[in-house]
C-alpha cells in the first residue's frame, strides 16, 4: 500500500487481522485514519458488523482501535497508518469494473449504469463505487453505492437520474424498496415524512430492479473544527443557503439569531432541505473553535432522536 495515500470518507482500509474499516473523515489525526469497523474476516468469509456489535468486538479483541477524536469530539475507531495493509479506493474500483468484464450480476448492472450515464454526457472520471462492491463482497441482493467527487458532476448526475426515470431508462423505487430503505435508516421521521424528503433528492433509483444510491464527497470545512458540545436542542428556522446541502458533512446556513449552521453527518439528512424552506432541527448544539454555534445532526452514528424535517416550503 502507498503510505502517502490520501484518505477520504467512503474509502475502506484493511488491517492484517482481517478487519475492514470505513473511513469517516478527511485527513489524518495524530497519525491515524478516523474510521469505523464494518467487516470482520471469519471462517465463512467477510461478516458485516452493525455499530454496537463492532464496538463490542473491538472492546473484546482490539481495544487499541477504539478512539476518541478531539477534532470531531466523537467516539469512533482509528487505525494508525503503519497498521493498514490495504487501502480500498472507490474511483479505482469503478475504473477496474468499467474496463474489464463484470464478474457477477451486481457488477453487470453497475457496468450498464455507467454506460448509460456516460452516453448522456456524465463524466465518469469523477465517480467511484463504495460499499460491498468496492470490497468485492457483494451478494446477488446487494445495492450499488456510487460516490461523486465533484459537486457540478454530482448535480448533473442527480438531474440525469430524474430525467432517465421519466424516460423509462431507470426505474423509481417500489413501495417495498422504500419500506426497506426506511427500516434500514431507522430515521426519527415517520414513513411518509421520510419518503417525501427522499423522493425529491433524485439521488437513488433502480437499474434492472437493483437499487443504487449517489452521494457527494467534497472536502468540507464543516468537519475540521474542534468544538465544544452543549447538549441536545430542537429549533425551528429557515434555510438561507443550501449550496453545501449534499456535501459530507452536509451544511445548511440558517436565519436563526444565534445558530449559524446545521451540520449533518448522517446520510438520511444530507440534501434534506432547500433554500427558503423552514425546518425543524433536533441535534446537538456545538460551538466551534472560532466561536460560531451550530447544530450537529448525527453526533452519534445512528442519530437517535436527531432529525431535520421541512415544516413549510418557500
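The values are calculated or read from the model by the stated rules, or taken from the named source; none is laboratory data. The model shown is predicted, which means the values in this text are computed figures rather than measured ones. We place every Cβ from the backbone using ideal geometry, glycine too, and count neighbours over all the protein chains shown.
What residue, among those in the stretch 161-176 that are touching a strand residue (DSSP E or B) at 6+ places or on another chain (Cβ under 7 Å) and surrounded by 18 or more Cβ atoms within 10 Å (Cβ to Cβ), is nearest to residue 120 (Cα to Cα)? First the steps, then the outcome.
Within the stretch 161-176, the subset touching a strand residue (DSSP E or B) at 6+ places or on another chain (Cβ under 7 Å) is 161, 165, 170-173.
Narrowing the set further to residues that are surrounded by 18 or more Cβ atoms within 10 Å (Cβ to Cβ) leaves 161, 170, 173.
Values: 161: 10, 170: 13, 173: 21 Å.
Here the residue is 161.
May I ask you to list the residues in the stretch 190-205 that are farther than 19 Å from residue 248 by Cα and surrounded by fewer than 18 Cβ atoms within 10 Å (Cβ to Cβ)? Break it down into steps so the answer makes sense when it comes.
The initial filter retains those residues of the stretch 190-205 that are farther than 19 Å from residue 248 by Cα, namely 190-196, 199, 205.
Matches in the stretch 190-205: 190, 191, 192, 193, 195, 196, 199.
Using beta carbons and a limit of 6 Å, which pairs, at least six apart or on different chains, have the first residue in the stretch 23-36 and in a loop (DSSP other than H, G, I, E, B) and the second one surrounded by fewer than 17 Cβ atoms within 10 Å (Cβ to Cβ)?
Sorted first by the residue in the stretch 23-36, then by its partner, the pairs are 31/80.
Take the stretch 49-62 and flag every residue that is farther than 17 Å from residue 16 by Cβ and at pLDDT 95 or above. Talk me through it step by step, then tell me what you get.
Of all residues in the stretch 49-62, those farther than 17 Å from residue 16 by Cβ come to 49-56, 59-60.
Answer for the stretch 49-62, where residues must be farther than 17 Å from residue 16 by Cβ and at pLDDT 95 or above: 49, 53, 54, 55, 56, 59, 60.
So is residue 7 in contact (Cβ under 8 Å) with a residue 60 or more places away in the chain and under 25 Å from residue 214 (Cβ atoms) or not?
Details: in contact (Cβ under 8 Å) with a residue 60 or more places away in the chain: yes; under 25 Å from residue 214 (Cβ atoms): yes.
Considered against the rule, which asks whether it is in contact (Cβ under 8 Å) with a residue 60 or more places away in the chain and under 25 Å from residue 214 (Cβ atoms), residue 7 comes out as yes.
How about the stretch 231-262: which of its residues are touching a residue at least 60 places away in the same chain (Cβ under 8 Å) and surrounded by fewer than 18 Cβ atoms within 10 Å (Cβ to Cβ)? It would help to see each step written out before you state the result.
Pass one, the stretch 231-262, residues touching a residue at least 60 places away in the same chain (Cβ under 8 Å): 232-233, 235-236, 246-248.
Hits for the stretch 231-262 are 232, 233, 235, 236.
If you check residue 265 against the conditions, is it in contact (Cβ under 8 Å) with a residue 40 or more places away in the chain and either outside the structural domain of residue 133 (by TED's automatic domain parsing) or surrounded by fewer than 17 Cβ atoms within 10 Å (Cβ to Cβ) (or both)? Reasoning before the result, please.
On the way: in contact (Cβ under 8 Å) with a residue 40 or more places away in the chain: yes; either outside the structural domain of residue 133 (by TED's automatic domain parsing) or surrounded by fewer than 17 Cβ atoms within 10 Å (Cβ to Cβ) (or both): yes.
Yes.
Based on this model, can you work out whether residue 274 counts as modelled with pLDDT of 95 or more and within 11 Å of the chain's Cα centre (by Cα)? Reasoning before the result, please.
Numbers: modelled with pLDDT of 95 or more: yes; within 11 Å of the chain's Cα centre (by Cα): no.
Spelling it out, it is not the case that residue 274 is modelled with pLDDT of 95 or more and within 11 Å of the chain's Cα centre (by Cα).
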